1. Students often get this wrong: which residues of segment 187-228 have the backbone nitrogen under 20 Å from the point 7 angstrom along Cα-to-C-beta of residue 154?
2. Find which of 194, 167, 179 sits farthest along the positive direction of the dipole of segment 155-197, computed with +1 on the beta-carbon of Lys and Arg, -1 on that of Asp and Glu, about the Cα centre.
3. Is segment 53-192 best put as rounded, prolate or oblate by its Cα gyration tensor, with a ≥ b ≥ c the root eigenvalues, rounded for a/c under 1.5, and otherwise prolate when a/b is larger than b/c, oblate when not?
4. Counting only DSSP beta bridges with both residues in the chain, tell me the antiparallel percent, nearest 5.
5. Pick the calculated Rg and Dmax of the Cα atoms in Å for this structure from (i) 20.4, 59; (ii) 19.2, 55; (iii) 20.1, 67?
6. Considering amide H positions built from the backbone, and no H for Pro or chain starts, which residues 5 or more places from residue 326, or on another chain, come under 5 Å of its amide H?
7. So between residue 305 and residue 114, what do we pick up on full extension, going 0.36 nm a residue minus the alpha carbon distance?
8. Calculate the dipole size of segment 16-105 relative to its Cα centre from +1 charges on Lys and Arg beta carbons and -1 charges on Asp and Glu beta carbons; express the result in debye to the nearest 20.
Amino acid sequence: MQAWLALEDGTIFSGYAFGARGEVQGEVVFATGMTGYQEVLTDPSYCGQIVVLTYPLVGNYGVNPEDSEANRIWVRGLVARQYCPTPCSWRLTSRLGEFLQTYGVPGVEGIDTRALTRRLREQGAMRGVLSTEDGDPESLVAKARSAPSVSEEDLVEEVATATAYTIPGEGPRVVVVDFGVKQSILRELQERGCELLVLPPSTPAREILALEPQGVLLSNGPGDPTKLLSTAPTVRELLGRVPMMGICLGHQVAALAMGARAFKLKFGHHGVNHPVKELATGKVFITSHNHGFAVDPDTLPPELQVSYISLNDGTVEGLEHRSKLFFSVQFHPEGGPGPRDAAFIFDHFLNLIQENAGR
């Protein structure tokens, strides 16, 4: 079956459908990485997006229960150069096409993803429509242009937990404010013995403090951080009272709560091979990224200092408070589908918790 991808600038790509049949709208972004398509599909931070994979072959090792970052697919559509319907791996339990069908997510293969990626790099991430139903170019482009932008959708509400839940542990009690947390983040904390209390994003500071946490983590999540300005009072009230760490969207939310501003990147950072530099040591780490916004360093308050920068474009990749037990990273230290260079970030968080407990 034929399928089409239309961008708001009028560009049309045609290919062949795999996965579910139907039509979806979303922000079209590209993700770099030779592996990790299952982690991408299930990462809540990709909610609202149609993802273009730059590696030309997808589906060759199938899908398995262990590699998912959530209990469902969150991307709205998948674009690939070539889909492999005959995967080979001792870990697979189903094929990628079947996985997409289960969650009603359409995919399209046979598209020149190199040309599409260059288009997105030159023009920036754009609204798009992926369809197996409508082959009319004018109709598809009109739908793309009328689709809501990522800043107009409340994506965090769609992916975050609505009710609190606990993951037992014998170590420090850590509250995770869930903006769309990845399972691998929870696993990293579990492996370090933490008791985890995962809370909805609207939970006020007084309820968090009543749980007597020894640390608070502001999680990753999708969309525009300015949609979460209502959480700013919570962050400000927690600051200095309990060690805090922010990851990705949580990093941005914390920065905005302390007075900084964020801006939208041209085409975002999406992939598993992004180099970041630690300013204190000069060390470079290869990290996993998935974000379309960044903190503006020119708007940082005096009490926040930049700790990491991207070596690709110089954007802020980490912050540290000069006097409070708070730090944040824009990248993903859990290393989801890619390298584990930055897993030590979680050890730093546990060290802050121990330091605070010893006071």
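Each value in this text was obtained by applying a stated rule to the coordinates, not by laboratory testing. Values in this document were obtained by computation on a predicted structure and should not be read as measured data. Neighbour counts run over all protein chains shown; Cβ positions are idealised from the backbone, glycine included.
1. Counting backbone N atoms under 20 Å from the label point, the list is 199-205, 219-228.
2. Value: 194.
3. Details: a/c = 2.31, a/b = 1.44, b/c = 1.61.
Since a/c reaches 1.5 but b/c is at least a/b, the shape of segment 53-192 is classed as oblate.
4. Values: 45 of 75 bridges.
Antiparallel bridges: around 60 percent, rounded to the nearest 5.
5. (iii)
6. 244, 321
7. Values: separation 191, 0.36 × 191 = 68.76 nm, distance 3.76 nm.
The residue 305-residue 114 span can extend by a further 65.0 nm.
8. On the way: 6 positive and 8 negative charges, 53 e Å.
That gives segment 16-105 a dipole magnitude of about 260 debye.
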